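Working notes, beginning with the structure itself.
The values are calculated or read from the model by the stated rules, or taken from the named source; none is laboratory data. Keep in mind that what you see is a predicted model, and the values were worked out from it rather than measured. As a convention, Cβ positions derive from the backbone with ideal geometry for all residues, glycine included, and neighbour counts pool all protein chains shown.
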Amino acid sequence: SLPNKKIEVLGPPPTSGTRDAFVELAMEGGCKTFPAIKALKKTDKKAYKAICHSIREDGAYVEAGENDNLIVQKLEANPDAFGVFGFSFLDQNADKVQGSLIDGQEPTFENIAQGAYPVSRSLYFYVKKAHVDAVPGIREYLAEFTSERAWGDYGYLTDKGLIPMPETERAKYAEAVRNLTNLELK
C-alpha cells in the first residue's frame, strides 16, 4: 500500500517545453501501459488527449514556473515532493536532490545518451534549405551548433543539459549539415 503522505509534484507550466516533454514521455508513456487507454489513441483521439494530457487540478501538481532553481529549493524544503525539470538541473544539484528511477533506469548521463532512460528524448532541429543562404546567419548558426566546442563531449551546450551523441554520430550529422543533406523519412 502507499504511504499516507500528501502527493506534491512541482513542475513547469503549460508554456514550457519541459512540460510538453513530460506529458509526451511520462504521461503518455503511462497511458500506453493500459491497453484500453492505448487503443483510444486510434479510436478516439480527443478522449485519449483528455485522459493522457490532463494534469491533476486538485493541488497535487504545483506549477512552479519556468525557474528550475525554485523547484530545487522547494524539493530541499520537502523531501517527499517530486520535481519535473531538465537533466542539467539534476546534474548541477546532485548534492541536494536525487533522480527517480523509471522502469528501473536511473536518470544518468550514460542512460540518457543511450536512450535507456524512458523520460528523455533526442533534440532535433530542422532548417529549410532554401533559407540557408537567404537568411543571414543560418549557415554560421548550423556550423556553430554542430561544432565540437558546442555539442562535443565537453562543449558549452553540456552545461545547458545537452547530452552529446557519440562522436561517430556527431561526425555523421556535422557532415550532413556541411553538405546540407536532405532529410529522408523512412
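Output yes when any residue across the stretch 137-156 is surrounded by 14 or more Cβ atoms within 10 Å (Cβ to Cβ) and either in contact (Cβ under 8 Å) with a residue 40 or more places away in the chain or in contact with a strand residue (DSSP E or B) (Cβ under 9 Å, 6 or more places away or on another chain) (or both), and no when none is.
Within the stretch 137-156 (the criterion being surrounded by 14 or more Cβ atoms within 10 Å (Cβ to Cβ) and either in contact (Cβ under 8 Å) with a residue 40 or more places away in the chain or in contact with a strand residue (DSSP E or B) (Cβ under 9 Å, 6 or more places away or on another chain) (or both)), the answer is no, since none of the residues qualifies.
Of the conditions (1) in a loop (DSSP other than H, G, I, E, B); (2) β-branched (Val, Ile, Thr); (3) touching a His at 6+ places or on another chain (Cβ under 6 Å), VAL23 fails just one. Which one is it?
Against the list (1) in a loop (DSSP other than H, G, I, E, B); (2) β-branched (Val, Ile, Thr); (3) touching a His at 6+ places or on another chain (Cβ under 6 Å), VAL23 comes up short only on (1).
Only one of these conditions is not met by ASN179: (1) within 26 Å of TYR61 (Cβ to Cβ); (2) out of contact with any Leu (no Cβ under 6 Å at 6 or more places or on another chain). Which number is it?
Every condition holds for ASN179 apart from (1).
Conditions tested, residue by residue: (1) under 13 Å from the mean Cα position of the chain (by Cα); (2) assigned to a helix (DSSP H, G or I).
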{"residue": "ASN111", "(1), (2)": "no, yes"}
{"residue": "ARG121", "(1), (2)": "yes, no"}
{"residue": "TYR126", "(1), (2)": "no, no"}
{"residue": "ASP133", "(1), (2)": "no, no"}
{"residue": "PRO136", "(1), (2)": "no, no"}
{"residue": "GLU144", "(1), (2)": "no, yes"}
{"residue": "THR158", "(1), (2)": "no, yes"}
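Here's a check for you: in the stretch 54-107, which residue that is in contact (Cβ under 8 Å) with a residue 12 or more places away in the chain and of a type in the set (Gly, Ala, Ser) is nearest to ILE7 (Cα to Cα)?
ALA60
Working carefully through the options GLU167, GLU175, GLU110, GLU184, find the one that is touching a residue at least 12 places away in the same chain (Cβ under 8 Å), exposed (fewer than 12 other Cβ atoms within 10 Å of the Cβ) and farther than 23 Å from SER16 by Cα. Let's see the steps before the verdict.
Working: GLU175 fails: touching a residue at least 12 places away in the same chain (Cβ under 8 Å); GLU110 fails: touching a residue at least 12 places away in the same chain (Cβ under 8 Å); GLU184 fails: touching a residue at least 12 places away in the same chain (Cβ under 8 Å).
Every option except GLU167 fails the conditions.
Among the residues of the stretch 67-94, which ones are at pLDDT 90 or above, surrounded by fewer than 14 Cβ atoms within 10 Å (Cβ to Cβ) and in a helix (DSSP H, G or I)?
GLU76, ALA77
Mind listing just one residue for me: the one in the stretch 37-66 that is within 20 Å of VAL119 (Cβ to Cβ), of a type in the set (Gly, Ala, Ser) and exposed (fewer than 14 other Cβ atoms within 10 Å of the Cβ) and, of those, nearest to the chain's Cα centre (by Cα)? Show your work before the answer.
Initial filter on the stretch 37-66 (within 20 Å of VAL119 (Cβ to Cβ)): 37-38, 41, 48-49, 51-56, 60-64, 66.
Retained after the next criterion (residues that are of a type in the set (Gly, Ala, Ser)): 54, 60, 64.
Narrowing further to those that are exposed (fewer than 14 other Cβ atoms within 10 Å of the Cβ): 54, 60.
Working: SER54: 18, ALA60: 22 Å.
Among those residues, the one meeting the criterion is SER54.
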